[in-house]
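What follows is a single structure, written as structure tokens, with notes after it.
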Amino acid sequence: MKSQKLVWMKMRMHGCIPIERVILSNASMNESVGILPKKSTPYYASLSGLCEELQRQIEPDDRELFAQPYEMPDPLSENMHTVSPGLVHRYQNRVILKVTDECAVHCRFCFRKALIAEKRGALLESDLLLAAVYIAEHPEIAEVVLTGGDPLMLKDTQLQYVLTVLREKRPDIVFRINTRIPVVLPDRITEKTVKMLAAFSPLWVSIHTNHPGELTAQASGCISLLADNGIPLLSQTVLLKDINDKADTLEQLFSQLIRLRVKPYYLFQLDSASGTSHFRVTIEQGFEIMKELRLRLAGYALPVYALDLPGGGGKVPLTPDRIVGHEEGWIVLKDDAGKEYRYPE
Ligand SMILES: *Cc1c(COP(=O)(O)O)cnc(C)c1O
Ligand code: SF4
């Protein structure tokens with residue numbers, strides 16, 4: 001039994017003053033992998049001062065320091081499907097390209113926290129070219145999802161360059177940009193940004209938002225600017241304990257998104273990244289919430305409740321018939337091919 005010294009580098013919101021905290025390990029748990037310093041924007045920080053559910057998304061917690069035995073640095077096994085630096089090809093007709101590992105805020109429950117913690121910055125130009133060549137050589141790929149980190153942390157000119165290089169090699173490619181910027185740093189998206197993005201149509205933007213408190217006048221303005229310029233919008237939400245694990249909260253979130261011309265796309269069951277278990281809502285509770293939402297919302301206002309099967313099984317819609325059993329603390333689920341996977345109860 002070795003007691004480990006963990007150093008917690010807690011960055012102050014504005015001044016980046018590191019505060020060291022030394023904690024002795026609990027022998028039954030492992031040291032967490034990829035501990036993120038605190039990071040927020042002045043905008044999101046001021047909102048979170050008014051709303052606990054936003055505060056909990058960005059405030060570091062000692063429980064992050066220890067990983068449960070089932071938690072992993074790379075819960076989706078993205079490394080297994082990485083075909084060139086930053087490029088993940090898991091589904092036949094679409095790939096994701098991680099164009100930067102930077103984000104405007106550090107969400108404490110992030111499933112790519114181990115990647116973000118490495119702080120490598122933007123994808124190298126040589127790696128972008130490698131990705132473009134791979135995509136050009138694989139005509140079955142119809143769509144590139146730009147992700148990270150947050151692609152909108154790049155400057156407009158950098159993002160434009162990425163989109164240009166990929167379109168040049170594959171004029172028919174569809175783009176999707178996954179971003180949290182509209183709700184954490186809405187001023188980043190200017191009229192110029194939107195015009196630049198609109199020039200790459202078909203280009204979809206999928207907004208990561210978890211709580212109706214994130215849809216302020218500023219965020220709504222940013223989203224409207226995107227919609228007014230013909231950019232189709234989706235949203236992704238992570239189901240989070242004590243943040244949005246109530247039908248009322250999610251009903252508000254999804255109906256507001258519909259008003260803003262955003263189609264709620266996914267409600268994700270939390271992935272098993274290191275030190276995130278205090279955010280986990282059980283799948284059973286998730287089913288209950290979805291059942292209630294089905295009574296309250298229009299069909300198209302309901303996202304798909306989904307889980308990325310641990311260990312690279314891919315995304316599957318979560319429905320009760322996917323669960324094939326329970327085994328001492330585990331839920332056993334099957335994918336579409338009938339293969340079994342385990343997720344913590
Ligand atoms: C989520 C994801 C996609 C996109 O999947 P959709 O179901 O189309 O949203 C593509 N590739 C990888 C590796 C993913 O994790
Ligand atoms: S914005 Fe996305 S990638 Fe960045 S920390 Fe939050 S969840 Fe992770």
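The values are calculated or read from the model by the stated rules, or taken from the named source; none is laboratory data. The structure presented is a predicted model; accordingly, all values stated were derived computationally and were not measured. Methodologically, a virtual Cβ is constructed for each residue, glycine included, from the backbone with ideal geometry; neighbour enumeration extends over all protein chains shown.
Values computed for the structure shown
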{"quantity": "Top-ranked residue of region 209-239 - restricted to ones that are under 16 Å from Leu47 (Cβ atoms) and in contact (Cβ under 8 Å) with a residue 60 or more places away in the chain, ranked as nearest to the chain's Cα centre (by Cα)", "calculated": "Asn210"}
{"quantity": "Checklist (1) more than 16 Å from ligand 1 (Cβ to nearest atom); (2) within 21 Å of Glu71 (Cα to Cα) applied to Gly314, failing item", "calculated": "(1)"}
{"quantity": "All positions within region 33-55 that are part of a helix (DSSP H, G or I), touching a Leu at 6+ places or on another chain (Cβ under 8 Å) and touching a residue at least 12 places away in the same chain (Cβ under 8 Å)", "calculated": "Tyr43, Tyr44, Leu47, Leu54"}
{"quantity": "Residue satisfying all of: in region 142-156; away from ligand 1 (no atom under 14 Å from the Cβ), charged (D, E, K, R) and not in a helix (DSSP H, G or I); nearest to Val184 (Cα to Cα) among these", "calculated": "Asp150"}
{"quantity": "So Val145, is it at pLDDT 95 or above and either among the hydroxyl-bearing types (Ser, Thr, Tyr) or away from ligand 2 (no atom under 12 Å from the Cβ) (or both)", "calculated": "yes"}
{"quantity": "Scope region 89-121; condition in a strand (DSSP E or B) and within 14 Å of ligand 2 (Cβ to nearest atom); matching residues", "calculated": "Ile96, Leu97, Lys98, Thr100"}
{"quantity": "Of the criteria (1) more than 16 Å from ligand 2 (Cβ to nearest atom); (2) in contact with an Asp or Glu (Cβ under 9 Å, 6 or more places away or on another chain), which one Asp150 fails", "calculated": "(1)"}
{"quantity": "Qualifying residue in region 154-171 (condition: touching a strand residue (DSSP E or B) at 6+ places or on another chain (Cβ under 9 Å), within 16 Å of ligand 2 (Cβ to nearest atom), more than 25 Å from Arg94 (Cα to Cα) and not acidic (Asp, Glu))", "calculated": "no"}
{"quantity": "Odd one out for Leu65, checked against (1) more than 29 Å from Glu327 (Cβ to Cβ); (2) touching a residue at least 24 places away in the same chain (Cβ under 8 Å); (3) more than 16 Å from ligand 1 (Cβ to nearest atom)", "calculated": "(1)"}
{"quantity": "Residue in region 257-273 that is among the basic types (Lys, Arg), assigned to a loop (DSSP other than H, G, I, E, B), away from ligand 1 (no atom under 16 Å from the Cβ) and in contact (Cβ under 8 Å) with a residue 40 or more places away in the chain present", "calculated": "no"}
{"quantity": "Residue within region 79-98 that is closer than 11 Å to Thr276 by Cβ and at pLDDT below 95 present", "calculated": "no"}
{"quantity": "Extreme residue, nearest to ligand 2 (Cβ to nearest atom), among residues of region 298-319 that are β-branched (Val, Ile, Thr) and not in a loop (DSSP other than H, G, I, E, B)", "calculated": "Val304"}
{"quantity": "Members of region 157-178 found to be of a type outside the set (D, E, K, R) and away from ligand 1 (no atom under 14 Å from the Cβ), listed by number", "calculated": "Thr157, Gln158, Leu159, Gln160, Tyr161, Val162, Leu163, Thr164, Val165, Leu166, Pro171"}
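Residue-by-condition table, conditions (1) buried (at least 20 other Cβ atoms within 10 Å of the Cβ); (2) among the charged types (D, E, K, R); (3) within 16 Å of ligand 1 (Cβ to nearest atom):
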site: Leu87; (1), (2), (3): yes, no, yes
site: Leu97; (1), (2), (3): yes, no, yes
site: Cys103; (1), (2), (3): yes, no, no
site: Cys110; (1), (2), (3): yes, no, yes
site: Glu125; (1), (2), (3): no, yes, no
site: Leu130; (1), (2), (3): no, no, no
site: Ala136; (1), (2), (3): no, no, no
site: Glu140; (1), (2), (3): no, yes, yes
